[in-house]
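What follows is a set of notes on a single structure, which appears directly below.
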Amino acid sequence: MISRRSFLATTAAATTAIAGHPLFSVAHADDGFLEITAGPTSKKLYHEDAKASDLWLYNGNTPGPEIRVTVGERVKVRLTNNLEEPTSIHWHGIRIANAMDGVSGLTQEPVQPGETFEYDFVVPDAGTYWYHAHNKSWNQVARGLYGPLIVDEATPAFDPEHDLTLVIDDWRLQKDGSLDVASLGHLMDWSHGGRFGNYLTVNGKSRPNFELKEGQAYRLRLINAANARIFSIAPESFGALVLAYDGQPLPTPEKPAYSPLLLSPAQRMDLLVTPERDFAFEELSGDTPYPFAFFKVQGRQDTKKAFLPLVPNPIPEPDLTNARTYTIDMTGGAMGRMVETVYNGKVLTGEDFPRTGQLWAFNGVANLAEDPFFKIKRGESVILEVLNDTSFPHAMHVHGHHFRVIEREGATIDDGRPWRDTFAIGPSQSVRIAFVADNPGKWLFHCHMLEHAAAGMNTWFEVV
């Protein structure tokens, strides 16, 4: 277990209560494409007397429209870029065709202002996923470019009334209540823990109220869309069980393995809640618990709503005996171990670090190198041994694959270790993960503290 105190910084979030259920919609084109437009939107995040924020949103909403499909279904999205800079969309957690992964500069050219790009792919796994901008993500996600992508089972386990999506984000607001755009790209954030906000929202609203029926089973899908914050929560405080991590179901609903649970940037968690009384979801990283969502429980109903057990997705088990092992040594950042760092083929010295913003490195290389970190044949098993020689936690994401954490320094890993696509690693900790490289293409491996990724924590591997 990773100590949450070693991960989290104290935060204070002054908010007002706004009630409301999430409302998602998406426009359909005649040719079957979902129309999603990335563009500037003026919207008030804080109370009505506050100044509006200059946000960048999908279809003018925060979060962007919920895309909901059935496992095995084809997804067709036409992205129109009305921003002032290039963009792209990454479909986080989907074992997707490489050309559709949405990584600017690796799997596609970024979509220029005024242009469009058509994403067309099949979703192979049911579960809770999300999509977000993947060009200058530190800037574009912080301004609001993200949305949920929900893949239902062939026969949905819960009906729509009992299946709720909660997209959680923190925003850095100024005293007038508007988004602090001027602080985007601040090297203090890039070299430390990343960009933390001071205002928390769920589905774009502050401290919303949800109405539940007593004694009926609900699925709560949590998505951490924050740039850098690791949320600390205690689902057992209201009797919740864990159904799935990062979209992948557990064999049976289970009590949290430890408390509080840590939800790192880009991670998801599905909870099974059968409420008996009103309760609140609390964020626990500060000195005082902060309730960020309220659940009002109505009187017991005569009939209980049944739900179906979640069916495991067909993810191949890695062969640990014959796996190829690769080691990543993470260095840099404030108070971290510095090594000779190469960026764009040049060794950085002195003023090169603040000038380029490259403050972190994998094996002495900052950001994407021309050659892959490793190249492997399709179907072979991989063990990644990740060593965090820095003073900060990181949320590490593997594109195109799901993996199991097989070893974590200072923790016991049991046989029921869940599938993940993003894992947390603490300062001065080592973690080993394993997966089958069964998805051909060029795949990113990076820190999902988005400022850390921009400042050097990016590499890639190729499956051939």
Stretched fully, the stretch from residue 252 through residue 296 gains (0.36 nm per residue minus C-alpha distance, one decimal, in nm) 13.2 nm
Rounded to one decimal in nm, the spacing of the 7 Å Cα→Cβ label points at residue 412 and residue 352 is 4.7 nm
Rounded to the nearest 500, the 222 nm mean residue ellipticity computed for the chain from DSSP H runs (n ≥ 4, each -39500 (n - 2.57)) alone is -1000 deg cm²/dmol
Counting only protein heavy atoms and leaving out ligands, DNA and RNA, the solvent-accessible surface of residue 404 at a 1.4 Å probe, in Å² to the nearest 10, equals 40 Å²
Here the FRET efficiency for residue 234 versus residue 47, based on Cβ atoms and R0 = 25 Å and rounded to 0.05, is 0.35
The answer for residue 146, listing residues at least 5 apart or on another chain whose modeled amide H is closer than 5 Å to its amide H, is 58, 64
Counting only protein heavy atoms and rolling a 1.4 Å probe, one gets per residue an accessible area for the chain in Å² of 39 Å²
For residue 46, the accessible surface traced by a 1.4 Å probe with all protein chains present amounts, in square angstrom to the nearest 10, to 50 Å²
With all protein chains present, region 75-223 has a carbon and sulfur share of its accessible area (1.4 Å probe) in percent of 49 percent
By the C-alpha gyration tensor axes a ≥ b ≥ c (rounded if a/c is under 1.5, else prolate when a/b exceeds b/c, else oblate), the shape of region 260-341 is oblate
Residue span residue 325 to residue 274: 0.36 nm per residue of separation minus Cα-Cα distance leaves a gain in nm of 14.1 nm
Checked region 351-453 with the C-alpha gyration tensor, a ≥ b ≥ c its square-rooted eigenvalues, rounded below a/c of 1.5, otherwise prolate if a/b is larger than b/c and oblate if not; verdict oblate
Listed by chain and number, the residues whose amide H is under 5 Å from that of residue 172, excluding neighbours fewer than 5 places away on the same chain and using placed H, are 180, 198
Among beta bridges assigned by DSSP with both residues in the chain, the antiparallel ones amount in percent, to the nearest 5, to 75 percent
Taking a straight Cα-to-Cα line shorter than 18 Å from residue 44, and setting aside same-chain lysines fewer than 8 residues away, one finds 175, 205
Reported to the nearest 10 Å², residue 176 has, with a 1.4 Å probe, an accessible area equal to 70 Å²
Going residue by residue through region 329-343, the Karplus relation 6.51 cos²θ - 1.76 cosθ + 1.60 with θ = phi - 60° gives ³J(HN,Hα) values, rounded to whole Hz and with x marking Gly or Pro, of 9, 8, 9, x, x, 4, 6, x, 6, 9, 10, 4, 10, 9, 9
Looking only at lysines whose Cα falls under 16 Å of residue 377's and that sit 8 or more positions away or on another chain, we get 442
Diffing region 41-54: the Karplus 3J(HN,Hα) column from phi (6.51, -1.76, 1.60, θ = phi - 60°), in whole Hz with x for Gly and Pro, holds 9, 8, 8, 8, 8, 8, 5, 5, 8, 7, 6, 5, 9, 8
Rounded to the nearest 0.05, FRET efficiency between residue 344 and residue 186 (Cβ-Cβ, R0 25 Å) equals 0.65
Cross-link reach from residue 43 to aspartates and glutamates, straight Cα distance under 12 Å and at least 8 residues apart if same chain, gives 54
Long-range amide H partners of residue 41, meaning residues 5 or more apart or on another chain whose placed amide H is closer than 5 Å, are 55, 56, 57
A correct Karplus calculation of ³J(HN,Hα) over region 318-326, with 6.51 cos²θ - 1.76 cosθ + 1.60, θ = phi - 60°, whole Hz and x for Gly and Pro, returns x, 8, 5, 5, 10, 6, 8, 10, 10
Contact order relative to length for the chain, counting C-alpha pairs under 8 Å separated by 6 or more residues, stands in percent at 16 percent
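The values are calculated or read from the model by the stated rules, or taken from the named source; none is laboratory data. If you're wondering where the values come from, they're calculated on a predicted model, not measured in any experiment. Note that each Cβ is placed from the backbone with ideal geometry, even for glycine, and that neighbours are counted across all protein chains shown. Accessible surface is based on the protein model in full, side chains and every heavy atom, while ligands, DNA and RNA are left aside. Shrake-Rupley method; radii C 1.70, N 1.55, O 1.52, S 1.80 Å.
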